[in-house]
Every structure is written in C-alpha cells, then in structure tokens.
Amino acid sequence: MSQEKAAIGTVGWFDLTIEKAEDIRDFYQSVVGWNSSSLSMGEYDDFVMSAPEAGTPVAGVCHARGGNTGLPPQWLMYVNVANVDDSAAKCAELGGELITPIKNMSGHGRYCVIKDPAGAVIALFEQE
C-alpha cells in the first residue's frame, strides 16, 4: 500500500486470499505478467505482486492463514475510510456484519473485513 495519504472512499489495495498462494502467484505471473516479491508473515510468506515495467505494487496474493484464516477464496478490495471504528459500527447498524475484528496492520493503519446486507465482502481500511 502507498505511503501517501489516500483519498477517503477510494480503493487502496487488493488481496487474493487462497490456500496455495505459491500456485496462484505463479498463475498470475504467467497470465498478467506481474512480478512477485515475498512478504514474511513469520512462519510463511505471502506475496506482493507488482506491475512488470513500473515495479509498482498492485496487489497481494495471500495464504488463508494467520489474519486471513476463515476468509473465503476471493479477491478482497480494501476501501479507505476516515475512521474504521465508525465505519464498522455503521455497517452493523445498517444490517451488515463484521467478518473480522478491527486489526492493526503494522506501520500502515487499521482494517476490518465486513459483509454487506447482500452478502458481499469488502475490507475497510483507515490509513495511519
């Protein structure tokens, strides 16, 4: 994710959460041309995928472990919000639900994953 302060309401990042991240990392490297770099998660590595010419990080390919345990295999979009606590409370008030509690993303900000009343899943992200 970028270090510049992101505009509220914009999409800031995409993660793909799946069981075998290495296999799908290789798939996307071949299909769309992304380059990958490892991101240590302690006992395993997730992957930051970058545009081949600019080298700009564009997405993550993540194992369904650690903080991603319990998430279904999917592309997860992170939307920038002004205050993740307020947005999570508003989600619940309007019939949505929190899929994960609000978590810290060290050095970046705070986030949670929600499900809207129709069942679609998205992440709310408050940048530091």
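The values are calculated or read from the model by the stated rules, or taken from the named source; none is laboratory data. Just so it is clear, the model here is predicted, and its values are computed rather than measured. Quick reminder, even Gly has a Cβ in these numbers, built from the backbone with ideal geometry, and neighbours come from all protein chains shown.
Considering only residues that are among the hydrophobic types (A, V, I, L, M, F, W, C) and either farther than 20 Å from THR17 by Cβ or in contact (Cβ under 8 Å) with a residue 60 or more places away in the chain (or both), which ones fall in the range 70-104? Reasoning before the result, please.
First, the residues of the range 70-104 that are among the hydrophobic types (A, V, I, L, M, F, W, C): 71, 75-77, 79, 81-82, 84, 88-89, 91-92, 94, 98-99, 102.
Correct list: TRP75, LEU76, MET77, VAL79, VAL81, ALA82, ALA89, ALA92, LEU94.
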(request) Kindly indicate the residue of the range 28-56 that is out of contact with any His (no Cβ under 9 Å at 6 or more places or on another chain) and acidic (Asp, Glu) and also nearest to GLY66 (Cα to Cα) among those meeting that condition. (result) GLU43
(request) Could you identify the single residue in GLU4, GLU97, GLU93 that is surrounded by fewer than 19 Cβ atoms within 10 Å (Cβ to Cβ), in the same structural domain as VAL121 (by TED's automatic domain parsing), acidic (Asp, Glu) and within 16 Å of VAL121 (Cβ to Cβ)? (result) GLU97
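Quickly run through the range 51-78 and pick out the residues that are of a type outside the set (Ser, Thr, Tyr) and assigned to a loop (DSSP other than H, G, I, E, B). Walk me through it before giving the result.
Going residue by residue through the range 51-78, those that are of a type outside the set (Ser, Thr, Tyr) are 51-55, 57-68, 70-77.
Hits for the range 51-78 are ALA51, PRO52, GLU53, ALA54, GLY55, ALA64, ARG65, GLY70, LEU71, PRO72, PRO73.
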(request) Would you mind finding the one in SER30, SER36 that is part of a strand (DSSP E or B) and either touching a helix residue (DSSP H, G or I) at 6+ places or on another chain (Cβ under 9 Å) or not charged (D, E, K, R) (or both)? (result) SER36
